[in-house]
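S.K.: I am attaching a structure below and will ask some questions about it afterwards.
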Amino acid sequence: AQSVTQPDIHITVSEGASLELRCNYSYGATPYLFWYVQSPGQGLQLLLKYFSGDTLVQGIKGFEAEFKRSQSSFNLRKPSVHWSDAAEYFCAVGAREYGNKLVFGAGTILRVKS
Amino acid sequence: DVKVTQSSRYLVKRTGEKVFLECVQDMDHENMFWYRQDPGLGLRLIYFSYDVKMKEKGDIPEGYSVSREKKERFSLILESASTNQTSMYLCASLSGGAKNIQYFGAGTRLSVL
């Protein structure tokens, strides 16, 4: 069965520090990969996506992610975190073979300390 | 911009009530989804629809039904609400073709007392 693992439930970083959020997936097909962000009381906003091609993808708000097929990972990074980045982050995986459905990870809550 | 609107941000209902959650999208998308979000569990797919009057069960359909009479509207129905259905419900709409991106509404936080 398809699954997505975000190993870190909570992460706390200092403002200005770098950030890496981990995502591992188990999928029986060539995956589409997504990172979404959810601010408190809001819906999910797409940060970035990977379909094919260059394995390093750039997203909004200064985020990037790297697809590593050999490690089944799609980690999210940001070189310098801002207080406004505090939110919950979700990794999601889909595949053409499974139609348009996505499987989501459990989420990582990011806290930013000043 | 794609807009996915969920009719209520907060709902409080009693056990046994029939509950309707409404979702409308303005981008003529064919695919729409209902998810349930619970802490530590992420988003779990309840039902989805790939066309008017078409629906498929997701991973946790028990206790729920859906209706898609018009392309822009996708309704989630709790036939007899129970306390274990207290949750955040998120609707999404999918752009088709090569992009395969789901756009989300702001969510409805449902409390069943």
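S.K.: For chain B, with only Lys/Arg (+1) and Asp/Glu (-1) charged at the beta-carbon, what is the dipole magnitude about the Cα centre, in debye rounded to 20?
M.R.: Charge dipole, chain B, about its Cα centre: 220 debye, nearest 20.
S.K.: Not counting the cut sites, what is the longest span of chain B without trypsin sites (Lys or Arg not before Pro) that DSSP labels loop and that have at most 13 other Cβ atoms within 10 Å?
M.R.: Longest stretch, sites excluded: B:54-98.
S.K.: Within region A:80-108, whose backbone N sits under 19 Å from a point 7 Å along Cα→Cβ of A:HIS10?
M.R.: Of the residues in region A:80-108, A:83-90, A:106-108 have backbone N under 19 Å from the label point off A:HIS10.
S.K.: What is the mean number of Cβ atoms from other protein chains located within 10 Å of the Cβ atom of each residue in peptide A:41-52, rounded to a whole number? The partial results should precede the final answer.
M.R.: Numbers: counts 6, 4, 12, 11, 2, 4, 0, 0, 3, 0, 4, 1.
So the per-residue partner count for this stretch is 4.
S.K.: Ok, one more. What residue among A:GLY43, A:GLY16, A:GLY62 has the largest mean-square fluctuation in a Gaussian network model of chain A, using Cα springs under 10 Å?
M.R.: For chain A, modelled as a Gaussian network with Cα springs under 10 Å, the answer is A:GLY43.
S.K.: Could you work out the per residue convex hull volume over the alpha carbons of chain A, in cubic angstrom?
M.R.: Taking the convex hull of the Cα positions in chain A, it is 98 Å³ per residue.
S.K.: Using only atoms on other chains, find how many Cβ atoms lie within 10 Å of each Cβ of peptide B:34-40 and report the average.
M.R.: Other-chain Cβ atoms within 10 Å of each residue's Cβ, averaged: 3.
S.K.: So with the 1.4 Å probe, I'd like the accessible area per residue for the protein assembly as shown, rounded to whole Å².
M.R.: Working: 11030 Å² over 227 residues.
Averaged over the residues of the protein assembly as shown, the accessible area is 49 Å².
S.K.: What residue among A:LEU44, A:ALA1, A:SER80 has its Cα farthest toward the positive end of the dipole of chain A, where the charges are +1 on Lys, Arg and -1 on Asp, Glu, each on the Cβ?
M.R.: Looking along the dipole axis, the top candidate is A:ALA1.
S.K.: Cross-link candidates for A:LYS113: which lysines have Cα within less than 18 Å, leaving aside residues fewer than 8 places away along the same chain?
M.R.: Qualifying lysines at Cα under 18 Å: A:LYS78.
S.K.: Further question on the same structure: Build a GNM of chain B with springs between Cα atoms under 10 Å: which of B:GLY42, B:GLY58, B:GLY16 gets the top mean-square fluctuation?
M.R.: Residue with maximal mean-square fluctuation among B:GLY42, B:GLY58, B:GLY16: B:GLY42.
S.K.: In the structure shown, do any of A:LYS101/B:LYS55; B:LYS3/B:LYS57; A:LYS101/B:LYS57 have a Cα-Cα gap over 21 Å, and if so which? Walk me through the numbers on the way to the answer.
M.R.: Working: A:LYS101/B:LYS55 13 Å; B:LYS3/B:LYS57 24 Å; A:LYS101/B:LYS57 11 Å.
Cα-Cα > 21 Å for B:LYS3/B:LYS57; rest within.
S.K.: Tell me, what % of the accessible area of the protein assembly as shown is carbon and sulfur with a 1.4 angstrom probe?
M.R.: Within the protein assembly as shown, the accessible surface is 48 percent carbon and sulfur.
S.K.: What is the average number of partner chain Cβ atoms found within 10 Å of a Cβ in B:44-55? All intermediate terms of the calculation are to be shown ahead of the outcome.
M.R.: Working: counts 2, 4, 0, 0, 4, 0, 2, 0, 0, 0, 0, 0.
Across the residues of B:44-55, the mean count of other-chain Cβ atoms within 10 Å is 1.
S.K.: Say we join alpha carbon atoms closer than 10 Å with springs in a Gaussian network model of chain B; which of B:VAL12, B:VAL52, B:VAL24 then has the biggest fluctuation?
M.R.: With Cα springs under 10 Å in chain B, the top fluctuation among B:VAL12, B:VAL52, B:VAL24 is at B:VAL12.
The values are calculated or read from the model by the stated rules, or taken from the named source; none is laboratory data. Only a predicted model underlies this, so the values are computations on that prediction, with no experimental measurement involved. Note: ideal-geometry Cβ built from the backbone for every residue, glycine included; neighbour counts use all protein chains shown. Side chains included, ligands, DNA and RNA excluded: accessible areas come from the protein's heavy atoms. Shrake-Rupley method; radii C 1.70, N 1.55, O 1.52, S 1.80 Å.
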